[in-house]
Amino acid sequence: MGLHFGNLARVRHIITYSLSPFEQRAFPNVFSHGVPNVWRRFSGQVFKVVPPFAAAYLLYSWGTQEFERLKRKNPADYENDQ
């Protein structure tokens, strides 16, 4: 009664092939195809990604410096104190 796991469905007219993981190459063509592909993708996106990050960094650093400047007391207010 019922089907066993692995025989849950009958699929007709479909042929499946498998290759043992011991027969596969883990990193085929990494240096000949992978590295140039990474460089192509990086160079294609760098001008879209870097300007917003640079603008955000400059805005953050300016805001931090301005906050530190405004936090200090004005020495001219205390020139005549004794």
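Things to note:
- Fully extending the segment from GLN45 to THR16, taken as 0.36 nm per residue of separation minus the present Cα-Cα distance, adds 6.6 nm.
- Comparing GLY44, GLY63, GLY34 in a Gaussian network model of the chain (Cα springs below 10 Å), the most mobile by mean-square fluctuation is GLY63.
- Among SER32, SER18, SER43: highest mean-square fluctuation, GNM of the chain, C-alpha pairs under 10 Å: SER18
- Farthest positive-ward along the chain dipole, Cα basis, beta-carbon charges - from PRO75, VAL30, SER61: VAL30
- Charging the Cβ of each Asp and Glu at -1 and of each Lys and Arg at +1, and nothing else, the dipole of the chain about its Cα centre rounds to 760 debye.
- GNM flexibility winner over the chain from VAL11, VAL46, VAL30 (Cα, springs under 10 Å): VAL11
- Listed candidates (i) 94; (ii) 126; (iii) 383 - label of the one calculated as volume of the Cα convex hull per residue in Å³: (iii)
- Mean residue ellipticity (222 nm) of the chain, computed from DSSP H runs ≥ 4 via -39,500 (n - 2.57), nearest 500: -16500 deg cm²/dmol
Only the coordinates and a few stated rules stand behind these numbers; no lab work does. These numbers come from a predicted model, not from an experiment. Cβ: placed from backbone, ideal geometry, glycine included. Neighbour counts: every protein chain shown.
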